[in-house]
Amino acid sequence: MNLAEGLRRHDDGVVRCFWASDDPLYRRYHDEEWGMPVRSDTRLFEKLCLEGFQSGLSWLTILRKRESFRAAFHGFEIDRVAAFGPSDVERLLGDAGIVRHRGKIEAAIQNARAVQQLIRQEGSLSDYVWRFIPPASERPKKLDYASLRVLGQTETSLRLSRDLKRRGLRFVGPTTAYAFMQAMGLVNDHIDGCPARAAVSAHAPGHAASAAR
């Protein structure tokens, strides 16, 4: 790994960002998902929930459980999760396929209800989220290992976190908010020289190849 640049050539010959592990699932996530702009309210809500469940754990742990999470939370359909009651909490606490943490489970349900209200006020979760694209002044001119390491939270992620909390969402601190922004494509934090960076840029808002996901 070239730490100065933040790139690593994996054993399949592909150059990737330094954080992409040797796990095939994680590699696919890096290559095909991370940073691609997401407009679907369902997928945005799913990511908010999974970021909360990740707290204190690795993303790979959550990624390996993601299909189980999707099954347990009915595809993260906002209205269905918002309708969960005490029996659903107990059901989820008994599901070994997910992270069985009462506080995080209850937060996901609370967040669904808060997002319902947000959608009533803003039109969609997507319309709301995409207002938080950071200004160019907040972005490094060159994205390398050193610059990415200091981007754990930004002024924009602080604003997003504060507003989500004001609206009643939980497990949405500024670092979590920035990780959400990275994953959902509000910023392109693939290291300069990573092939995935160009692919993400091709789908950025305003680009001819941009498409909803």
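The values are calculated or read from the model by the stated rules, or taken from the named source; none is laboratory data. None of these values were measured; they are calculated from a predicted model. Here the Cβ positions follow ideal geometry from the backbone for every residue, glycine too, while neighbour counts run over all protein chains shown.
Residue selection: V15 fails the criterion of being under 24 Å from A177 (Cβ atoms), in contact (Cβ under 8 Å) with a residue 40 or more places away in the chain, surrounded by 16 or more Cβ atoms within 10 Å (Cβ to Cβ) and among the β-branched types (V, I, T). The selection criterion, being buried (at least 17 other Cβ atoms within 10 Å of the Cβ) and either polar (S, T, N, Q) or within 18 Å of L63 (Cα to Cα) (or both), does not hold for G6. Mind checking which residues of the range 21-39 are in a loop (DSSP other than H, G, I, E, B), surrounded by 16 or more Cβ atoms within 10 Å (Cβ to Cβ) and modelled with pLDDT of 90 or more? Residues satisfying the conditions are W34, G35, M36, P37, V38, R39.
Would it be correct to say that Q153 is of a type outside the set (D, E), farther than 27 Å from A83 by Cα, at pLDDT 95 or above and within 15 Å of the chain's Cα centre (by Cα)?
On the way: of a type outside the set (D, E): yes; farther than 27 Å from A83 by Cα: yes; at pLDDT 95 or above: no; within 15 Å of the chain's Cα centre (by Cα): yes.
Answer is no for this residue.
Confirm whether A96 is without any contact (Cβ under 8 Å) to a residue 24 or more places away in the chain, buried (at least 17 other Cβ atoms within 10 Å of the Cβ) and either touching a His at 6+ places or on another chain (Cβ under 8 Å) or assigned to a loop (DSSP other than H, G, I, E, B) (or both). Answer is no for this residue. As a summary of the residue check, P135 satisfies the conditions (1) loosely packed, with under 15 Cβ neighbours inside 10 Å; (2) out of contact with any Ser or Thr (no Cβ under 9 Å at 6 or more places or on another chain); (3) closer than 21 Å to L160 by Cα except for the one numbered (2).
Which of the helices (runs of 4 or more DSSP H) contained wholly in the range 108-213 include at least 3 residues that are more than 15 Å from P37 (Cβ to Cβ)?
Correct list: 145-149, 155-166, 174-184.
Just one residue in the set V200, V129 is among the β-branched types (V, I, T), out of contact with any helix residue (DSSP H, G or I) (no Cβ under 9 Å at 6 or more places or on another chain) and touching a residue at least 12 places away in the same chain (Cβ under 8 Å); that residue is V200.
Take the conditions (1) outside any helix (DSSP H, G or I); (2) crowded, with 16+ Cβ neighbours inside 10 Å; (3) of a type outside the set (D, E); G56 misses just one of them, which is (2).
Has the range 27-39 got any residue that is free of Cβ contacts under 8 Å to residues at least 12 places away in the same chain and closer than 28 Å to R167 by Cβ? Looking through the range 27-39, none of the residues is free of Cβ contacts under 8 Å to residues at least 12 places away in the same chain and closer than 28 Å to R167 by Cβ. The one condition from (1) surrounded by 19 or more Cβ atoms within 10 Å (Cβ to Cβ); (2) among the hydrophobic types (A, V, I, L, M, F, W, C); (3) modelled with pLDDT of 95 or more that A71 does not meet is (1). Of all residues in the range 146-159, those that are on the phi < 0 side of the Ramachandran plot have Cβ atoms under 8 Å from Cβ atoms of residues that are among the polar types (S, T, N, Q) and surrounded by fewer than 18 Cβ atoms within 10 Å (Cβ to Cβ), 6 or more apart or on another chain, in G152/T175; Q153/T175; S157/T175.
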